[in-house]
Amino acid sequence: MYKIEFTNTTEQSRLQYKKIRRAVENALKGEKINEAEISIVFMNNDDIRDINNRYLKHNWETDVISFPLEENPLSGEIYIGLEVAREQAKEYNVSLTNELSRLAIHGVLHIIGYDDATDIERNNMTKLENKYLEGDTSE
């Protein structure tokens, strides 16, 4: 069973939570996670910069930050910079919902334990993001 909660602290009112939730569920199913509690918070640039600075000592806006809380059952928090996501969606020529879904999947993968510190790790995560965005939960 999955408990996925959304909080939007921005002025953007129409986010497609159902599609983002489906993407997160695809990732959890694909990674063989049966039970999870995930909180996803959409933030403006100032707020995501504050979290990035406070916890990671990076003084800039970012697209996604995740914090694993528990392993069993899996729980964690994902913070998504909505303004950065909007810019990236334009840059990659995808919808905002597609980019938000990708970032949510990326955050979930970090909570599960994936890392993207090296090119190989980053490429592996990108492959998984693409797979789960397409709805593929097979091995």
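Where a number appears in this text, it was derived from the coordinates with a stated rule and is not lab data. Owing to the predicted nature of the structure, the values given are computational and were not obtained by experimental measurement. Positions of Cβ are generated from backbone atoms using ideal geometry, with glycine treated the same way; all protein chains shown enter the neighbour counts.
Annotations
- Note on the chain: antiparallel DSSP beta bridges, both residues inside, total approximately 30 percent of the bridges counted.
- Low-density loop cleavage sites - chymotrypsin sites (Phe, Trp or Tyr not before Pro) in segment 1-108, where at most 16 other Cβ are within 10 Å (DSSP): 60
- Residue-averaged 222 nm ellipticity for the chain, from DSSP H runs of 4+ at -39500 (n - 2.57), nearest 500: -16000 deg cm²/dmol
- Taking 20 °C and 1.002 mPa s as conditions, the chain diffuses translationally at an estimated 143 µm²/s according to Stokes-Einstein applied to its Kirkwood radius (Cα pairs).
- When only Cα pairs below 8 angstrom with a gap of at least 6 residues are kept, the chain shows a relative contact order of 27 percent.
- Mean Cβ neighbour count within 10 Å, used as a protection proxy, ranking 114-126, 25-37 highest first: 25-37, 114-126
- Taking GluC sites (Glu not before Pro) across segment 56-95, the ones in a DSSP loop with at most 12 further Cβ atoms lying within 10 angstrom of their Cβ are 71.
- Space enclosed by the convex hull of the alpha-carbon atoms of segment 35-101, per residue, Å³: 83 Å³
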